[in-house]
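Data first, discussion second: the structure below is written as structure tokens.
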Amino acid sequence: MKMIRLASVALATSLFVSPLALSVPGVASYAHADEQSESATKLVDRLGKEAVKLLSDDSLDVAEKRKEFDRLLARDFDMRLIGRFVLGKNWRAASKEEREEYLTVFQEYIVNTYQKRIGEYSGENLNILKAKELNAKEQLVNSEIIRPNGPAIKLDWRVRRNKAGELKIVDIIVENVSMALTHREEFASVISSNGGKVSGLIDKLKSHLGDKSS
Amino acid sequence: MISKKFKSTLLGGCIAVAFASLLGGCATPPGEDPKNVVYNEVQDPLEPLNRYFFDVNQAIDALALKPVSHIYRDALPEGVKDSVSNFFTNLSQPIYFLNNVAQGDLDGAGDNMGAFFTNTFLGFGGLFDIAQIDTDKEDMGQTFAVWGIPEGPYLVLPILGPNSSREAVGLVGDHFADPVNIAARNSDMEYVPLIRALGTGIDARARAIEPLDEIEKNSIDFYAAIRSLYRQNRKSVILDGEAELTPLPDISFELDDDQPTKADSISLLMEEDDDSISVQKKSTN
């Protein structure tokens, strides 16, 4: 019985592994017609469309697709902020050098984690439902992945306006499971098992990345 | 100390089960109030023991459950697997019904009843999903949560896997309160609950082979990743996946800050850097 629940999370999470493997039908309905949520919806919509174009483009090889993926990630996601959120309270404890090193490794880790499914696109559709305001700076864009086989998966995008006034995605929430929070709790556990040292986490991330490339 | 605290939590849960059966219909459940279901920092005082059982479960999974699930998945045609799924889901409808009633979700309970009778009689004992009603899984752990009982320490049980103390008690309660299990016991078919659990487990495991492999491969602390996924998912199912209640993490930096701020946990949740705090502080003053 336990496994069912676990399975549903697991399934959803794995689909997140290809968050960009989505095609977006042109129709999107807006619950809030205000400017903020509209532009947040547009951001997700554009990202989805570009990602699908990228993934279904057979003229590109995997390396080129990965490069494009990197570009989309850098353009639409606020990786610094996500990295910082994921480090949580340990951000305060980290030295300036550790923070910079961590952010670099974190970005690599995320790219590595979510890039693997490139080329496994199998006709999923992203249907944008609505956007709602969380606070003055943040919007939550609700969408769902329509799969050829199996039930739809709920996918929410947390979009935030940064200080420069640009909208950036700061979290993806799959079936109510926040990816940023999951990473945050995982990283906190690694840090505490390394005597509360952020350097322990950095080493662990590095060796994880090393295992992957070899 | 820890075990004492844990025992008292367990005991509290047991008492709640006893009361639940006594009170029955008289109790007025508060319904799903999102305020009752807060996502707190993880509470895992038994972590060493939990990690031990997590490893044991991983070994059991690798040796038995996963290979069997693999065979099940690859050997059977899709239609047969769907029927297996439907059959076990249908057997669970009566206990979902009871839990929905206990949670005060009468619409949900009605769906459970409709699905059960339709599929049992028209769907050849539940092999076919004729009713096509989307019913959520409702267990006693969720019922307790709706009643406001806190989740208690995180717990990894041998074979059964991730749980909170509340959910673990609920699991036992569900096992004994389940009408299908009771009927089986009364007709001297004690093996039915076990077969049911095995069948449900294999069916679910078979659908999660790749996803779980993927999570394990990508995580740097698989135990902590599963713990987080489990707890977030629990919170979501307790709220019946209400779209408007998307549970955003309400833990934030200021919990650990030198100068605590209040009333703006969400906006500070993703703070950009230190000076943005002072700006926002000024604006709230």
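Couple of notes before you dig in:
- Meets criteria (part of a helix (DSSP H, G or I), away from chain B (no Cβ under 13 Å) and polar (S, T, N, Q)) for A:THR104: yes
- Residue count, the range B:183-202 (criterion: exposed (fewer than 14 other Cβ atoms within 10 Å of the Cβ) and of a type in the set (A, V, I, L, M, F, W, C)): 5
- Test: residue in the range A:60-69 that is under 20 Å from A:GLY210 (Cβ atoms) and surrounded by 14 or more Cβ atoms within 10 Å (Cβ to Cβ): yes
- Residues satisfying the stated conditions in the range A:155-178, i.e. of a type in the set (D, E, K, R) and buried (at least 19 other Cβ atoms within 10 Å of the Cβ): A:ASP156, A:ARG158, A:ARG160, A:LYS168, A:ASP171, A:GLU175
- If you go through the range A:155-181 and keep only what is of a type outside the set (D, E, K, R) and touching a residue at least 40 places away in the same chain (Cβ under 8 Å), you end up with A:LEU155, A:TRP157, A:VAL159, A:ASN162, A:LEU167, A:ILE169, A:VAL170, A:ILE172, A:VAL174, A:VAL177, A:MET179, A:ALA180.
- One residue stands out among those in the range B:180-208 that are within 19 Å of B:LEU160 (Cβ to Cβ) and of a type in the set (Val, Ile, Thr): the one that is nearest to the other protein chains (Cβ to nearest Cβ), which is B:THR200.
- Summed over the range B:165-179, residues that are more than 12 Å from chain A (Cβ to nearest Cβ) and not polar (S, T, N, Q) total 6.
Each row is one residue, and each column tells you yes or no for (1) acidic (Asp, Glu); (2) over 15 Å from B:ARG196 (Cα atoms).
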residue	(1), (2)
B:LEU76	no, yes
B:LYS81	no, no
B:SER85	no, no
B:PHE88	no, no
B:SER92	no, no
B:ASN99	no, yes
B:ASP105	yes, yes
B:THR118	no, yes
B:GLY126	no, no
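- Scanning the range B:126-160 for residues that are away from chain A (no Cβ under 11 Å), in contact with a Phe, Trp or Tyr (Cβ under 7 Å, 6 or more places away or on another chain) and not aliphatic (A, V, I, L, M) yields B:GLY126, B:THR135, B:GLU138, B:PRO153, B:PRO158.
Every number here is computed from the coordinates shown, using simple stated rules; none is lab data. Note that the structure is predicted; figures quoted are calculated from it, not measured. So basically every Cβ, Gly included, is an ideal-geometry build from the backbone, and we count neighbours across all protein chains shown.
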